[in-house]
Amino acid sequence: MLLEAIYYFLPAYIANMVPPLFQWLPLLDTPLDFNKKFRGRRIFGSHKTIRGILLGSVFGILTIYVQKLLYNNQFFNSISIINYSEQVLWLGFLLGFGALFGDSVESFFKRRVNIAQGKPWFPFDQLDFVFGAFIFSFLIFIPSVKTLLIIIIITPIIHMSFHYAGYLFGINKDKI
């Protein structure tokens, strides 16, 4: 069940991880909020960019496309909770875009409570993209309650582990 949940949610996980990896790419480095302010504070901050939303959404689609290609393999078929032989590219987009949308909404609230961008805000930093991905992907597919709970419980552990790895590789400034 754990592996099935992680495999299903992989497009959202990948989409959430991709934007920091492409910070070096100046293309579309425009902030989503276009540097506008709301009540004296940036709406999202400079880390939420058009490039990040686009790349995350594209990588969500690419991830589900790879899952679609792997679906004929017995192992990957056995851990699939959806039928990847059907039209699933929209689900990849919704999981990817939803993850980044949720992260942006969390960033909006983070600015309102005066937490600097890039600073941790547990548990919201670990679950913001999960709920965004859920909300958007529910338009096409609603997993079982068990799957949803597994994703909610395991994601903070996965998120903090990858964040720490990013710290070790110099991608993230903070350990958690």
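The values are calculated or read from the model by the stated rules, or taken from the named source; none is laboratory data. Note that this is a predicted model, so its numbers are computed, not measured. Here Cβ is always computed from backbone atoms with ideal geometry, including for glycine, and neighbour counts include all displayed protein chains.
When we screen Phe76, Phe44, Phe34, Phe59 for residues that are surrounded by fewer than 17 Cβ atoms within 10 Å (Cβ to Cβ) and in contact (Cβ under 8 Å) with a residue 40 or more places away in the chain, the only hit is Phe76.
Does Ile154 qualify as being within 15 Å of Tyr8 (Cβ to Cβ), modelled with pLDDT of 80 or more and surrounded by 13 or more Cβ atoms within 10 Å (Cβ to Cβ)? Answer is yes for this residue. The residue list Phe131, Phe141 contains one member that is among the aromatic types (Phe, Trp, Tyr), over 20 Å from Asp174 (Cα atoms) and part of a helix (DSSP H, G or I), which is Phe131. Within region 161-172, if we keep just the residues that are surrounded by fewer than 17 Cβ atoms within 10 Å (Cβ to Cβ) and part of a helix (DSSP H, G or I), the residue that is modelled with the lowest pLDDT turns out to be Phe162. Report whether or not Asp103 is closer than 26 Å to Lys173 by Cβ and in contact with a Ser or Thr (Cβ under 9 Å, 6 or more places away or on another chain). Considered against the rule, which asks whether it is closer than 26 Å to Lys173 by Cβ and in contact with a Ser or Thr (Cβ under 9 Å, 6 or more places away or on another chain), Asp103 comes out as no. In summary, Val130 fulfils each of the numbered conditions (1) out of contact with any Leu (no Cβ under 6 Å at 6 or more places or on another chain); (2) surrounded by fewer than 18 Cβ atoms within 10 Å (Cβ to Cβ) with the single exception of condition (2). With respect to the numbered conditions (1) free of Cβ contacts under 8 Å to residues at least 60 places away in the same chain; (2) more than 21 Å from Asn172 (Cα to Cα); (3) among the charged types (D, E, K, R), which one is the sole condition not fulfilled by Arg51? Against the list (1) free of Cβ contacts under 8 Å to residues at least 60 places away in the same chain; (2) more than 21 Å from Asn172 (Cα to Cα); (3) among the charged types (D, E, K, R), Arg51 comes up short only on (2). Does any residue of region 142-149 turn out to be surrounded by 14 or more Cβ atoms within 10 Å (Cβ to Cβ), out of contact with any strand residue (DSSP E or B) (no Cβ under 8 Å at 6 or more places or on another chain), among the hydrophobic types (A, V, I, L, M, F, W, C) and within 26 Å of Leu54 (Cβ to Cβ)? Looking through region 142-149, none of the residues is surrounded by 14 or more Cβ atoms within 10 Å (Cβ to Cβ), out of contact with any strand residue (DSSP E or B) (no Cβ under 8 Å at 6 or more places or on another chain), among the hydrophobic types (A, V, I, L, M, F, W, C) and within 26 Å of Leu54 (Cβ to Cβ).
Of all residues in region 1-31, those being surrounded by fewer than 13 Cβ atoms within 10 Å (Cβ to Cβ), among the hydrophobic types (A, V, I, L, M, F, W, C) and part of a loop (DSSP other than H, G, I, E, B) number 4. For region 122-129, state whether one or more residues are of a type in the set (D, E, K, R) and in contact (Cβ under 8 Å) with a residue 12 or more places away in the chain. Yes, region 122-129 contains at least one residue that is of a type in the set (D, E, K, R) and in contact (Cβ under 8 Å) with a residue 12 or more places away in the chain.
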